[in-house]
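Okay, structure first, notes after.
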Amino acid sequence: MRRLFLFIMLASMLSSCATYYQKNQKFQEMVQKGEIDKAKKFINRDSVKASEGKDMVLHFFNMGWLDYMSKEYQPSTQWFEKADLYIEDYQKSLGAEALALITNPMVKPYKPEDVENVMTNYYKAVDYLLMKNLSGSLVEARKITQKLYALNDKYKDHKNRYSDDAFAHVLIGLVYDADNDYNNAFIAYRNALKVYEEIYTPNFGLEAPEQLKHDILRTAYLTGFQDQVDFYERKFNMKYHHKKEEGGTLIVLWENGFGPVKSEWSINFSVMKGSGGMVTFANDDLGLSFPFFIGDWSSSKQSEFSDLSFLRVAFPKYLTRPPVFHAAELKVNNAAYPLELAENLNEISFKTLQDRMLRELGNSLLRLASKKLVESAVRSQDKNIGAAVGILNALTEKADTRNWQTLPYSISYARVSLPEGTHKVELKTSGKTMSSTHEMNVDIIKGRTVFKTFRSLETFPAQENL
């Protein structure tokens with residue numbers, strides 16, 4: 001009985017019904033209220049432990065984002081650089097992998113999702129833009145597309161829909177444009193259009209922004225590519241009229257709301273014993289069938305294993321956090337300019353998780369098979385301890401619900417040409433239930449581009465994606 005009690009205590013320590021989001025609810029509440037300094041102090045309380053544990057990369061993400069929100073751009077880049085190096089050097093721990101097979105994947109060091117991986121470079125790129133370091137920003141924006149190409153090569157048959165990032169190409173174009181390199185800006189904008197048309201529209205339901213079309217025409221004209229101007233005028237069904245800019249340019253990036261959080265769902269599988277040490281996990285409702293080799297056992301042990309005819313397996317899923325605002329515009333000098341949606345991180349997150357769901361199914365069932373192998377082997381020696389192992393298996397069965405939870409729901413942008421001088425710019429956000437107006441003073445210098453960012457923190461509670 002003493003050993004049974006120890007097993008149950010171990011199960012209690014290794015398991016928890018709360019998701020990663022629920023465990024970090026206090027931090028999330030601070031962030032959503034805009035209490036950035038308070039949130040920074042809160043996660044700094046155990047920063048040494050967090051920066052060395054299995055969730056260290058999530059700590060790097062959060063610290064980098066908090067510094068970004070505090071306009072401390074240099075330390076922000078340093079945190080994101082730590083995250084970038086962690087991802088680059090990520091190696092599986094054999095011990096953690098083995099432990100995960102008999103508990104759950106939450107015991108392993110967190111490996112970021114693809115979209116989290118590339119957003120590390122997005123934030124570094126924007127940090128550099130806000131520090132007026134165009135070359136540093138360009139390096140980071142390019143890394144986004146390079147990372148996605150490399151990640152896509154690792155997937156079997158390249159079957160991931162997030163194989164390129166349209167907004168990364170837009171960002172590259174904006175940086176080249178700000179540096180008056182219109183030839184490379186045109187190429188980047190054209191690449192962005194291609195990704196919107198071939199990947200974003202069919203997979204994520206997002207079409208190319210109208211501003212991108214205007215920028216393609218403008219940079220083609222400034223580069224002297226008249227044939228390209230003619231081609232895109234026909235393609236976009238619009239006529240380009242060049243206006244010489246007497247002043248400078250304002251570009252505003254609007255990060256809206258918060259991206260999804262991970263929860264879990266579960267399905268039941270029936271276990272069918274085969275010959276030669278094979279068992280098959282099957283779910284007829286979903287049309288799923290996964291065979292596993294459990295070893296060349298005696299028929300009695302295989303019978304014990306197959307007696308467990310119905311088993312529960314947990315998988316990760318996303319819950320969306322709908323933003324309060326769905327539109328925004330800039331108002332300056334009695335004119336209004338809409339901010340156009342360029343990146344829907346919520347949609348990308350859902351679709352990329354779907355793309356790897358079969359891999360998740362396989363990993364989860366392998367975990368279940370390993371647990372049941374251990375349980376059956378122990379039960380054959382001692383039924384009481386075997387029962388305790390069964391309790392341990394049930395209590396520790398859960399999905400990996402960790403993710404970077406301060407990412408935005410979406411990113412929109414606008415380009416505005418303004419006369420030289422100081423301007424008061426209003427950014428008005430609107431939604432079904434409320435609207436909000438924020439003011440910023442912008443100093444425009446002739447021939448220069450000024451970048452500004454704004455983050456709307458208002459969001460609705462997490463819910464199933466509709």
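Net length available on complete extension from ASN465 to SER436 is 7.9 nm, with 0.36 nm assigned per residue and the Cα-Cα distance removed.
With both labels modelled 7 Å from their Cα along Cα-to-Cβ, the GLU210 to GLN22 distance reads 4.6 nm. Whole-percent P(r), the stretch 396-466, all Cα pairs, 10 Å bins from 0: 11, 36, 26, 16, 8, 3, 0. As a rough guide to protection, the peptides 165-171, 368-374, 236-242 ranked by mean Cβ packing within 10 Å, highest first, stand as 165-171, 368-374, 236-242. Only aspartates and glutamates eight or more places from LYS108 in sequence, or on another chain, were considered; those with a Cα closer than 19 Å are GLU52, ASP55, ASP84, GLU88, ASP89, GLU97, GLU116, GLU264, GLU360, GLU397, ASP400.
Computed from label points 7 Å out along Cα-Cβ, the spacing between GLU88 and GLU426 is 4.6 nm.
Once the Cα-Cα distance is subtracted from the 0.36 nm per residue extended length, the ASN334 to LEU151 segment shows a gain of 61.3 nm.
Among 183-193, 142-152, 414-424, the peptide with the highest mean count of other Cβ atoms within 10 Å heads the list, and the full ranking is 183-193, 142-152, 414-424. A Förster radius of 25 Å, combined with the Cβ-Cβ distance separating LYS194 from LYS111, puts the computed FRET efficiency at roughly 0.25. For the pairs LYS41/LYS452; LYS82/LYS132; LYS26/LYS398; LYS132/LYS213; LYS23/LYS432; LYS239/LYS446, note any where the Cα-Cα span goes beyond 28 Å. Beyond 28 Å: LYS23/LYS432. Our Cα-only numbers for the stretch 120-233 put the radius of gyration and Dmax at 14.6, 42 Å. What the Cβ-Cβ distance of ASP230 and ASP179 gives, at R0 = 30 Å and to the nearest 0.05, is a FRET efficiency of 0.70.
Any read-out appearing in this document is the output of simple, stated calculations on the displayed coordinates, not a laboratory observation. None of these values were measured; they are calculated from a predicted model. FYI the Cβ positions are ideal-geometry reconstructions off the backbone, even for glycines, and counts take in every protein chain you see.
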